[in-house]
Each structure stands twice: as structure tokens, then as C-alpha cells.
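J.: Have a look at the structure that comes next, please.
What follows is calculated from the coordinates using simple rules that are stated; it is not laboratory data. Here the structure is a predicted model, which is why all the values come from computation and not from measurement. Neighbour counts are summed over all protein chains in view; Cβ atoms, including those assigned to glycine, are modelled from backbone coordinates with ideal geometry.
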Amino acid sequence: MSENGLDVPMMSDLAARGEKPEVLFWVGCAGSFDSRAQKVTKAFVKILNAVGVKFAILGPEETCTGDPARRAGNEFLFQMQAATNIMTLDQYEIKKIVTACPHCFNTLKNEYPVLGGNYEVIHHTTFLQGLINEGKLKMKGGGTFKGKKITYHDSCYLGRANNIYEAPRKLLEALDAELVELKRCRSKGLCCGAGGAQMFKEEENGSLRVNQERTKDVLEAKPDIVAVGCPFCSTMLGDGVKEKEKQDQIQVKDIAELIAEAQDLD
Amino acid sequence: MTAIIQSILFLIVLGLTGFFFLKKAREIYKNIKRGKAEDISDRPGERWKNVFLLAFGQKKMFRNMTPALLHLCVYVAFLVTQVELIEIVIDGIFQTHRFFYPILGGLYTFVINFIEILSVLALIATFAFLARRNLLKIPRFQMDEMTGWPKLDGNLILLFEIVLVTFIFMMNSADMAMHHGEYGFWLSGILGSAIEGLPHGVLVAMERIGWWGHILLVFGFLNYIPYSKHLHIMLAFPNAYYANLESKGEMSNMPAIMKEVQSMMDPNAAMDDSAAVDEEMPSFGAKDVDELSWKSLLDAYTCTECGRCSAACPASGTGKLLSPRKIMMDVRDRMEDLTKLEAKHGPDHKDGKMLIGDYISPEEIKACTTCNACVEECPVSISPLNIILELRRYQILEAADSPEEWNLMFTNVENNGAVWQFNPADRANWINEA
Ligand code: HEM
Ligand code: SF4
Ligand code: SF4
């Protein structure tokens, strides 16, 4: 147990005891180091702990999946990362992975198999919905979010790239809030501007930044909360809302945080 | 006598049409073959399903109701009119008159009536298309790349269509007038009864002008299509067959780099592969059309220049130089330019130009967020993103032209396994941080 009351087993410790987790939690660079995304990581862990899911993380043995390097064009670096990670995952005989980052999700799920890394990979929204469906996670109705207007921003790598549109929405419905759709949603959802390694450089010259354009959609929907399922969308929209000085009216939150809050786990 | 002359004339025109069409078709085929080999023959069942849903069924068009319905009129009219075209060719060669009429009887009347009604719908749709392009100024038709030839091309096709339908009605109504409504066509019957009083000679001339005008226009059109965005009426079908069946998020693997990295990390493999070291290192990514997959080149010839991709693109929508439609147009222009140059200066001619730099600027491809909106929107199964990513690979792996900030990110990933500069040992520190 940590100082925060979190129980986060390391894969290396489990392996030393000859134990295996049900699922490996792939935290990702943002989830590990970005202060905003760390909160999501903790919220997700709290839910896992509350439900009693036996999981583990790789900790210092985890490294970047290589997604941004590959999409920038640096295939060598991507292949290095993939080979390293596949070696680690296979050494621990990992079969099932859950992650809160759609970019890690997409790379692990779709791009590692040709390189020899075959795992069942699940995004945390699908995983949480599974917990609800199985009756392991029982949502307390009528609580924290009753009467709140929540909108959902589809992340490109969850939506268009992998056709996951329903799980996040089902979770929001379980919150008992009023779900409003953005003007551009689902397969027509507008990017937040971070993908394709854009997160790591200035945008090219234009009339607006992409997150400013997307923030316009958000403001138009007048929600109390914008739910996201991606740490990079979270940063981009958070910045966009703050720039318009609307951060007191509109909160940008990951779905895992909302679930944890509804369960009084925060 | 005039019958024989008409028959000979028809055969000559038919022959010339076929000759020039096949010549251009071969050129396009060769251009597509410039591309890198890629085996796309798996899962034929799923592929045929795409041909029926996406091409015949126009599935993606219906993401956008108004243009989908307008287009459906033109599209169905075109498909059904092929029946009439077969008859025109038979009549032209053998100088018969309405060859199918005695054979089909009432069914014939039904088919032609069907064609006439569809033609009127198509005509209305065509005027609506013209209005959308020129009066309503729908934004996706007004972007920077839609000036000059592409703009003219878009309008010419629609004008062709109007003249074509006019000739069909001229032919059918004169024929109805001459034969006192024998064929039983409704719409041309109405027009026919209005001109019944004209002298017989005038009616014969009108019928002949309509008949010849129609077929000459069809032949002319057939030879115009390969130079136009209208080529989609043929290539939309094979392009649906070869559409990507994997998750849109998956980037194509680079086996050469994979092998090299795997042998670097596995000393035993390196020993086995020692022979491979002598092999010439392939060039990575694409700087020109011959390094793109042939499917990307087929994509370029299939593009309808509709701009649905660019209308959905976050970069285009925020004023960046990138426009996925322009990427497709540039690739096609590059192939056409190479063909012209090689015809002039011989097959080994090099013009010293490249797709990246001379047609598509690095700034354009850097602005892509890989969001897949362009791929999702394209009604004819095109991926502008694939081309962008292959050009990016060239920029990084061969030209070493990378933004400074990306280099920093690469260094972080390489040195400390994270996109930002953090100590890998601290990766789980969040557990205990407040
Ligand atoms: C085979 C017969 C076809 C005919 C005669 C035909 C005809 C046309 C015409 C006349 C236009 C110009 C419309 C304008 O000016 O905006 C057009 C555009 C277009 N066609 Fe087709 N087409 C055919 C097949 C297809 C197929 C199979 C597809 C695939 C789904 C397709 C997709 C498109 C698209 C996306 C446009 C752009 C128009 C827009 O932006 O709304 N067409 N077609
Ligand atoms: S993938 Fe790139 S080109 Fe396509 S819509 Fe998104 S940003 Fe634009
Ligand atoms: S790539 Fe597809 S969506 Fe874009 S202009 Fe061409 S046909 Fe239209």
C-alpha cells in the first residue's frame, strides 16, 4: 500500500513471487509523468482497487510504445521501442493489457502483432464498461452528476482508428447525467490537435490552432463537463477552455475520474 | 447508300474512340504500376462486399444527404442508360433502327420510359450540382486547389451531361413524332406531339442529329474522362475492392527496418543474417510516386476532387497549408507530368524534381495530426494519410529534415524511454506523489 492508499503491484515483484496478474495496466508516458494525466492514472487504480481487480504495472520497465516516433516518420526508433517492450511483455508472459491512452492502445493492439507481440489489448473505457456489465462495478445512481450536462469528445485513435464509440458513452449514461453531443461527434469528431506527434511541436502557420477550433464546438454545447478518454485530448481541450477563461464553468475530465468521483473514491 | 456511309462512319468513329481510349488507359495502368508492389488479394469476400456497399451502394455518400441523392440520380441514370448505349452501337454498325424494340416489345417501352424519367432527374441534379459549385459556393469547392483546370473540369462534366440528355430527348421525341407515338414513350411522347406538325424531313434530321450527337458526345466523353476527376466512374469500383480492411489506426510495417532492429537486439540473429548485410539498403519512405504503394497511385486517379476530406481535416480547417485533396491531386499531376516528360525525352528521363518539395511542401505534411478524418470521409476509399505518412518517413529517415522539437522528443524516447525528459527510474513515482 502506498502513501496515497493505492495498491499498485509491480510486475517484477509479482513475477518474483511466481504470481500472475489478471491484467497488466499499461500506464504510458502521459499517465506516468504528466501531472494532469497522473490524476487519471490514480483514479483508474482506485477503481481497480475498489473492485479488487488483480493487476500490475511494469513501472520502470515500461517505455514509450513508439507511437509518436512512428507517426513523425521515425520508424527506426519505433521498431526499437516495440522490440524492447515486446521483450519485456513476453518475458512476463503477459496476455492481457489495459491502458488509459488511446495511442498506446492503438499501437499495442494493432501494430505490435506483426512484430511478434500478441496481446489482448483493452482501452480503460471498455474495461470499465466490462466491470459494470459483469456486475463487479456497481454504479451508485442519483449522486454526484445528477442534472449535470456532460459532453464527450471522441479521441481519433479510439473512434475512427478503432471504432470505439459506445463504451465511453455507456459509462457516461451510467453516471445519470445528461449527455449532450458535440456538433461534430463520433466518426465525424474533430481532432484535438495532438495526434501524429503534433503534441511535441508547435503547429504550422494557420488562422487558428486545432484545439482552439475544437474548443469552439465545446463552448457551443455549453456543458458542465467535457469527458475525454485520452490524456492528450485532455491537455489540448483543457488548454483551449482555459484560454477562453471558461475553466470555472467547464471541467475537462477523463471518464475514469468521473467514475471514481461518482463512487466517492476520490 | 446513306446507310452504308453511316455504318462506315460509325465504325471509323468507334475505332478511333477505342484506340485513343485504350492508349490512355494503358498509360494510366503503367503509371499505377510505377508504384511499389503491395499484395492486396486477401479476403476476397470482404472486398466484394465493399464493392457492393461502397461503390454500387454509395454507402459513404450517404453521410451527406443532399449531394448523395443528387448524385444517385446521375449515377443510376448512367447505369441504366448503358442498355440504350448497347442498342445505339448495334444500330450504328448494322444500321438497324431500335434493334431491341421488336425483340422486347412492351419491356422495351418500359425500359426507355425508365431511362427517360431517370434522365430528367439526372438533368435536375446536374443543374443543382452547377448551382452548388457556382452560385451557392459550397466551401469545399472553393478551396485554393480548386481554381483553374479543376474548377473548369467540374463544370465541363456537368455541361456535357446537360447536352447529352438534350440529344437523347431530341432523338426520342422526333422518333415519336415520326412514328405517331408507336413506341409509347411518355416524356418524349409529350415533346413529340408538340413537334408532330413539322415537315418529315426536319423530323428525320432531328432524329439523326440527336442520335449522332448523343453517340459522338459519349465517345468524346469517354476520351475526356481519363484526363478528368470523372475517371472515378470507372475506378471507384476497383478502388473499393482494394480498400484497406485493417484498423485505420494501423500504420504499414517496414520489414527491412524491423529485421535490422531485431537482429541488432538479438546477437544470434545477427550471425545468421550476415549475408544480408551486403544487400543494398532500400530507400525508406517515399520522395516520389514510384516509392508509394500502387494503391496510393490508384487512389490518386480515383479521386473525385469532392473535398470531403479537406472539409473534415483539422489542419485545412484551421488555415494550415495541408489539404488532403491537394495531396491526391498533386500525386496524379506528378504521374501525368512524368508521362509527358518520358514521352518527350525517353523513358529514362529525369527532371530532377520530386513529389516532396516540388509538388508537396514539407510544411503541408508536417501539419497532419493523423486523425483519419480524411480517410473516414472519402466516399471512394482513398487514404491521403498513407501518402502523407510515407512522405514523412522519407523526410525523417532519408532527408533528416525534422523539426527541432521532434528531434528532442526522439532523443528523450531513445535515452529515457519517455517522450519527455524524465528519469526512467521515476516512472512509477506517481504512486506515492500527492
Ligand atoms: C458509375 C457512374 C457514375 C456517374 C455517372 C457519376 C457521376 C458523377 C458526376 C456527374 C459528378 C459531379 C457532381 C458535381 O459536380 O459535384 C460526380 C461526382 C462524384 N461522384 Fe460520381 N458518378 C458515378 C459513380 C460514382 C461512384 C461509384 C462513386 C462512389 C461512391 C461516386 C462518387 C462521387 C463523388 C464522391 C463525387 C463528388 C461529388 C460531390 O462532391 O458531392 N461516383 N459523379
Ligand atoms: S489525417 Fe491528416 S490529412 Fe487527414 S484529415 Fe487528419 S490531419 Fe488532415
Ligand atoms: S480523396 Fe476522397 S474525399 Fe478527398 S477529394 Fe478525393 S474523393 Fe473526395
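J.: Would you pull out the residues with amide H under 5 Å of A:Val98's amide H, same chain only if 5 or more places away, H placed 1.01 Å from N?
T.: Excluding prolines and chain starts, which carry no amide H, the hits are A:Leu24, A:Phe25, A:Trp26, A:Ile122.
J.: Could you work out, for region B:169-245, what percent of all Cα-Cα pairs fall into each 5 Å distance bin, beginning at 0 Å and stopping at the bin that holds the largest distance?
T.: 3, 16, 17, 13, 9, 9, 10, 10, 6, 4, 2, 1, 0
J.: State, to one decimal in nm, how far the label point of B:Phe19 lies from the label point of B:Asp358, with both points 7 Å from Cα in the Cβ direction.
T.: Spacing of the two 7 Å Cα→Cβ label points: 3.3 nm.
J.: If you restrict to DSSP beta bridges whose two residues both lie in region A:139-262, what percentage is antiparallel, to the nearest 5?
T.: For region A:139-262, the DSSP antiparallel bridge percentage is about 0.
J.: I would also like to ask the following. In whole angstrom, how far apart do the alpha carbon centroids of region A:194-266 and region B:395-434 sit?
T.: When both Cα centres are located, 23 Å separates them.
J.: For an R0 of 51 angstrom, estimate the FRET efficiency from the Cβ-Cβ distance between B:Glu342 and B:Leu79 and round to the nearest 0.05.
T.: Between B:Glu342 and B:Leu79 the formula returns 0.90.
J.: Taking the Cα centre of each part, how many Å lie between region B:358-376 and region B:1-44?
T.: Going from one Cα centre to the other spans 34 Å.
J.: Any chance you could run the full-extension gain for B:Thr109 through B:Asn415? It's 0.36 nm times the residue separation minus the Cα-Cα distance, nm to one decimal.
T.: Net length gain for the segment: 102.4 nm.
J.: In degrees from 0 to 90, rounded to the nearest 10, what is the angle of the helix B:255-265 Cα long axis to the longest principal axis of chain B?
T.: In chain B, helix B:255-265 runs at an angle near 10 degrees to the longest axis.
J.: What is the Cα centroid distance between region A:145-170 and region A:4-49, reported in whole angstrom?
T.: If you average the Cα positions of each part, the centres end up 23 Å apart.
J.: Which three semi-axes in whole Å describe the equivalent ellipsoid of the protein assembly as shown, each the square root of 5 times a Cα gyration tensor eigenvalue, listed largest first?
T.: 57, 30, 22
J.: Using r as the Cβ-Cβ distance of A:Lys136 and B:Leu69, and R0 as 60 Å, what FRET efficiency do you calculate, to the nearest 0.05?
T.: 0.80
J.: Please work out the Cα convex hull volume for region B:392-434 and give it in Å³ per residue.
T.: 82 Å³
J.: Obtain the nm distance between the two label points defined at B:Asn432 and B:His349 by a simple spin-label model: each point lies 7 Å from its Cα along the Cα-to-C-beta direction.
T.: 7.2 nm
J.: Taking neighbour Cβ counts within 10 Å as the exposure measure, how do A:Asp217, A:Asp264, B:Asp348 sort from fewest upward?
T.: B:Asp348, A:Asp264, A:Asp217
J.: Please give, to one decimal in nm, the separation of the simple spin-label points placed at B:Asn134 and A:Lys183, each 7 Å out from Cα toward the Cβ.
T.: Each label point lies 7 Å from its Cα, and together they span 3.0 nm.
J.: What list do you get for A:Thr88, A:Thr235 if you sort them by fewest beta carbons within 10 Å? Display every interim value, and only then the final one.
T.: Numbers: A:Thr88 17, A:Thr235 21.
Lowest to highest Cβ neighbour count: A:Thr88, A:Thr235.
J.: Can you list the lysines whose alpha carbon is less than 16 Å from that of A:Lys149, not counting same-chain residues fewer than 8 positions off?
T.: A:Lys170, A:Lys183, A:Lys222, A:Lys246, A:Lys253
J.: Using only the Cα atoms, what convex hull volume per residue in Å³ does region A:11-131 have?
T.: Working: hull volume 12.1 nm³, N = 121.
That works out to 100 Å³ per residue.
J.: Work through the residues other than A:Ser35 whose Cβ is under 12 Å from its Cβ and net out their charges, Lys, Arg +1 and Asp, Glu -1.
T.: So the environment of A:Ser35 carries a net charge of +1.
J.: Provide, in order from the shortest bin, the percent of all Cα-Cα pairs of region B:10-150 in each 5 Å bin, continuing until the bin that contains the maximum pair distance.
T.: Spelled out per bin, shortest first, that is 2, 7, 9, 11, 13, 17, 18, 13, 7, 2, 0.
J.: Once you list every other residue whose beta carbon is under 11 Å from the beta carbon of B:Leu158, what net charge do they have if Lys and Arg are +1 and Asp and Glu are -1?
T.: Once positives and negatives cancel, what remains is 0.
J.: Taking other Cβ within 10 Å of each residue's Cβ, how do A:His123, A:His103, B:His349, B:His232 sort, fewest first?
T.: B:His349, B:His232, A:His123, A:His103
J.: Could you work out the local net charge near B:Thr370, counting Lys and Arg as +1, Asp and Glu as -1, over the other residues with Cβ closer than 13 Å to its Cβ? Please list the in-between numbers first.
T.: Numbers: positive: A:Arg70, A:Arg71, A:Arg160, B:Lys248, B:Lys366, B:Arg392, B:Arg393; negative: A:Asp67, A:Glu111, B:Glu250, B:Glu376, B:Glu390.
Neighbourhood net charge equals +2.
J.: Could I ask something else about it? Nearest 5 is fine: what % of DSSP beta bridges in the protein assembly as shown come out antiparallel, could you say?
T.: For the protein assembly as shown, the DSSP antiparallel bridge percentage is about 0.
J.: Then there's this: Hey, with R₀ at 30 Å, roughly what FRET efficiency would B:Leu11 and B:His97 work out to, going by the Cβ-Cβ distance, to 0.05?
T.: 0.95
J.: Mind checking the log10 I(q)/I(0) for chain B at q = 0.07, 0.12 Å⁻¹? Debye, one equal scatterer per Cα, no solvent, two decimals.
T.: Those come out to -0.48, -1.10, one per q.
J.: May I have the convex hull volume per residue, in Å³, for the Cα set of chain A?
T.: 127 Å³
J.: Another question, then. When N counts the residues of region A:139-262, how does its alpha-carbon radius of gyration compare numerically with 2.2 N^0.38 Å, as a ratio?
T.: Scaled against compact globular proteins, the figure is 1.02.
J.: When chain B is treated as a GNM, springs tying every alpha-carbon pair under 10 Å, which of B:Phe422, B:Phe110, B:Phe219 comes out with the largest mean-square fluctuation?
T.: The residue with the greatest mean-square fluctuation here is B:Phe422.
J.: May I pose another question? So what's the angle, to the nearest 10 degrees on a 0 to 90 scale, between helix B:232-241 and the longest Cα principal axis of chain B?
T.: 50 degrees
J.: For region B:286-405, compute Rg over Rh where Rg is the Cα radius of gyration and Rh is the Kirkwood radius from the inverse mean 1/r over Cα pairs.
T.: With Rh from the inverse mean 1/r over Cα pairs, Rg/Rh is 0.97.
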